[in-house]
1. For the stretch A:293-308, which positions are in contact with a helix residue (DSSP H, G or I) (Cβ under 6 Å, 6 or more places away or on another chain) and either within 12 Å of A:Val249 (Cα to Cα) or part of a helix (DSSP H, G or I) (or both)?
2. Looking at A:Thr491, is it among the polar types (S, T, N, Q), within 14 Å of chain B (Cβ to nearest Cβ) and either surrounded by 24 or more Cβ atoms within 10 Å (Cβ to Cβ) or touching a residue at least 12 places away in the same chain (Cβ under 8 Å) (or both)?
3. Kindly establish whether B:Val61 is more than 16 Å from the chain's Cα centre (by Cα), within 11 Å of chain A (Cβ to nearest Cβ) and either crowded, with 18+ Cβ neighbours inside 10 Å or touching a residue at least 24 places away in the same chain (Cβ under 8 Å) (or both).
4. Considering only residues that are in a loop (DSSP other than H, G, I, E, B) and in contact with a helix residue (DSSP H, G or I) (Cβ under 8 Å, 6 or more places away or on another chain), look in the stretch B:212-230 and name the one that is farthest from B:Leu139 (Cα to Cα).
5. Go through (1) in contact with a Leu (Cβ under 9 Å, 6 or more places away or on another chain); (2) closer than 21 Å to A:Glu139 by Cα and name the single condition A:Arg7 misses.
6. Could you tell me whether B:Leu125 is assigned to a loop (DSSP other than H, G, I, E, B) and within 10 Å of chain A (Cβ to nearest Cβ)?
7. How many residues are at pLDDT 95 or above and either farther than 23 Å from A:Arg260 by Cβ or within 14 Å of chain B (Cβ to nearest Cβ) (or both) if we restrict to the stretch A:287-297?
8. Restricting attention to the stretch B:33-47, does a residue exist that is under 28 Å from A:Gly517 (Cβ atoms), among the hydroxyl-bearing types (Ser, Thr, Tyr) and without any contact (Cβ under 8 Å) to a residue 24 or more places away in the chain?
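The values are calculated or read from the model by the stated rules, or taken from the named source; none is laboratory data. Predicted model, so just to flag it, every value in this text is computed and none were measured. Cβ sites come from the backbone with ideal geometry, for glycine too, and all protein chains shown count toward neighbours.
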Amino acid sequence: MRRLESREDLERLREEALSRQPERFISLGMGTASRAHGAEVVYSALKEEVAKRGLDVPIKATGDHGLCGYAPVMVVYPEGVLYHSVKAQDVPEVVDAVGKGEIVERLLYTDPMTGKTYTYEQDIPFYKKQMRLVLGPMESVEPLSIEDYLCCGGFSALAKALFDMKPEEIIQEVITSGLRGRGGAGFRTGWKWEDAATRPDPVKYIICNGDEGDPGAYMDRCLLEGLPYEVLEGMIIGAYAVGAHEGFVYVRKEYPLATRNVQEAINTLRELGLLGENILGSGFDFDIQVVRGGGAFVCGESSALIASVEGRVGEPRSKHVHATESGLWGKPTVLNNVETLANVPFIVNRGGEWFASIGTEESKGTKVFSLAGDIYNTGLVEVPMGITLREVVYDIGGGIQSGKAFKAVQTGGPSGGCLPASQLDLPVDFDTLDAAGSMMGSGGMIVMDEDACMVDVARYFVKFLTEESCGKCVPCREGLRHMLEILDRITQGEGTMEDVDLLEELGYVIANASLCGLGKSAPNPVLSTIRYFREEYVEHVRDKKCRAGVCKALVHYEIVAENCTGCHICFKECPVDAISGEPKAVHVIDQEKCIKCGICKDVCKFDAVKVV
Amino acid sequence: MVKLTIDGKEVIAREGQTVLEAAREAGIFIPTLCYHHEIKPYTACRLCMVEVTKGKRTRFVTACDYPVADGMVVRTDTEKVKKCRKLVLELLMAQCPNLPQLQELAQVIGVEKVRFSKRDDDCILCGMCVRTCAEVVGLNAIGFEGRGFNRRVCTPFDEPSDPCILCGACSYVCPVNVIPVEEVDGYRIMERWHKKSAMVACSKCGRYFMTEDELRYLKEKTGLPEEKLRICMDCR
């Protein structure tokens, strides 16, 4: 690849790329979520079938498209015909249809709530309510194709920043934009940059935090996998703005594809002269290294992450002195989340005011969420700040599966809070979610239906956090351990009302006295469930009941005589031979033997097994 | 000079001092278990948390590393401070139920009973030993292992630690006195670190006063002739 010596070289390459860019192409989501659903086999089949027919339709293997619950998803452009859950055996039919300009009806998306079938991606409600800004180029860009990225306007923001703007003007735009950190804390990015930029130290660093560790959340993974150039462009602009010449992308070990794509993207940018010395002939030098994290959740915390990059144990430290003053190796350091940096090229290109026109008073722009749980459309969504939780859960998420009732939505990852139906009309922004006892976090969003036991949910998340606590400070290490013990007790029917009070007291102290963000936010799942679902705690403690039938110690299984046809299937499937009964006669469960595994209930076709 | 108030009392502190240092000089009690003036603040025990108001903003911070500032208002006696202090100590007492130092502190700050299940650790994980070894002695003979409540202080792989010179500095700083040092028949033994080393007798008075490992380390560090180092502190 030839080195770009100037802005003109870049624009020339862009024009060449645009002239080669096909109008008609097939985009196949090939991120980790899609690969788990067999996208690689589909990709090979597509290649083969297209070649066999001699069609001039290129196939782009892109990052995940977002509708991950229906992966592999492919879209035929320019029309935007979307096919989902495509299998290798579907491919010949799809390619035939593409060749003839027809449509394969059976692979189109049907809205599970309304039963309506949609041909075009842009009409599907899942996409319609979204505002895909940072995820925008995902479907038309092959992650490592510099040409694809240039065709979406890639690196025009970098050129603008380097040649038309002074560093302080860039920072001012970012301040005007109101961009706040997407990793969880929501600190204003512009202020952070300004603070680092004004430090006199000639050596400064910029770090991109890709240590995304929330269970079920994969916003940053998807961006690093699918649009590494976008993130890196934001990072180079950030480095120029604050005066850093060295940067690090910290990616967790569990993200092999993201690590590979970022590393290869960096290599390409070096070859092109978009990283290294004298970027685009501007005189600005900057290079990036990839650092792989070992997978400790706490390393997503800024001071622990910095310790980890330095090669020390990833443990947080007190942060009275900000990293922007003394961070990596004691030098001024800017640490931004992946998604935060991905927003930067848009702000530079379209201006801070444009960005600030999206969202609410205090939370600007869009936010990517990974929508998971008991809804129809699980996947990655990008919405404008201020959208209500209801719109996300029902309009985008398609509502609760199997017609069950909504119970709670947990936002913000394991240390977020659980919000009930009464809070569904809350706007999604940093401060509203905080005030409601939850948080924006990095963008995890888990929807739960009536089958979720809120005490058990709190127990689950506290268990995760107890295991991930580094153990340095007392409230987090010891406090969480006892929280978990108490929750275990309550879910086993051995709790007392004093235990519930003690949970609240522990929650208060852990939240206030812990050393880092992990501890400070860890009580959220407990405190929010006590706040909104107190009656469930009371039922567990006083009535020894779990209304959702989740807490095994508090339930037993019974066969409803009227419904039992004596089909004998439960008898055959019970792993401990606890069910007796002759074929065609009513069966009975021996409570002494029953281990409450629930298999009988799952296999019964006549609704004859109930949880009491 | 920096002027601040702590619990309503005007205090003059030096630039660069921490709230804890200023308070202690002014005779105001703030409990700590992981602080020692010779090593860097660690902010792990969380017992020294106080409320600090600067301008309009009140924050809940650790006094051991928070720098004083002019006009700062510090409160060490608010409900929040007391509530957190007590519960944190209660948690430590549940972790290590048999430490007299914790019982004494409990009397001072008013922890009456422990409402949590107890385990029988003896180490409160303040890290004083680990940090002293690294920062003062200049060795890293011991360290932390495990995370969360499985965290503990040990030697690498629980084997006798090569760098350990049995200087006993870790034992000296341990606030709960659980790193015993024994001296038997000309040997110094530290069971906790699986180490034993022959001792050096003072060339003047004949008293055993340091280990051979220490002698070797001191020689290397100071470059002083061995015969000088073989004289004990009393005879020098």
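1. Initially, the stretch A:293-308 is screened for residues in contact with a helix residue (DSSP H, G or I) (Cβ under 6 Å, 6 or more places away or on another chain), giving A:293, A:297-299, A:301, A:304-306, A:308.
The answer is A:Gly293, A:Phe297, A:Val298, A:Cys299, A:Ala304, A:Leu305, A:Ile306, A:Ser308.
2. Details: among the polar types (S, T, N, Q): yes; within 14 Å of chain B (Cβ to nearest Cβ): no; either surrounded by 24 or more Cβ atoms within 10 Å (Cβ to Cβ) or touching a residue at least 12 places away in the same chain (Cβ under 8 Å) (or both): yes.
Considered against the rule, which asks whether it is among the polar types (S, T, N, Q), within 14 Å of chain B (Cβ to nearest Cβ) and either surrounded by 24 or more Cβ atoms within 10 Å (Cβ to Cβ) or touching a residue at least 12 places away in the same chain (Cβ under 8 Å) (or both), A:Thr491 comes out as no.
3. Yes: the conditions hold for B:Val61.
4. In the first step, residues of the stretch B:212-230 are kept if they are in a loop (DSSP other than H, G, I, E, B); the result is B:223-225, B:230.
Right, trim to in contact with a helix residue (DSSP H, G or I) (Cβ under 8 Å, 6 or more places away or on another chain) and you get B:224, B:230.
Working: B:Leu224: 19, B:Arg230: 22 Å.
Step by step, filter the stretch B:212-230, then rank; the result is B:Arg230.
5. (2)
6. Numbers: assigned to a loop (DSSP other than H, G, I, E, B): yes; within 10 Å of chain A (Cβ to nearest Cβ): yes.
Taking the combined requirement at face value, the residue satisfies it.
7. The number of residues fulfilling the criteria is 0.
8. Within the stretch B:33-47, the first condition is being under 28 Å from A:Gly517 (Cβ atoms), and the residues that meet it are B:33-36, B:39-47.
After this cut, where a residue has to be among the hydroxyl-bearing types (Ser, Thr, Tyr) as well, the list is B:35, B:42-43.
Of the ones still in play, those that are also without any contact (Cβ under 8 Å) to a residue 24 or more places away in the chain are B:43.
Yes - at least one qualifying residue is present in the stretch B:33-47.
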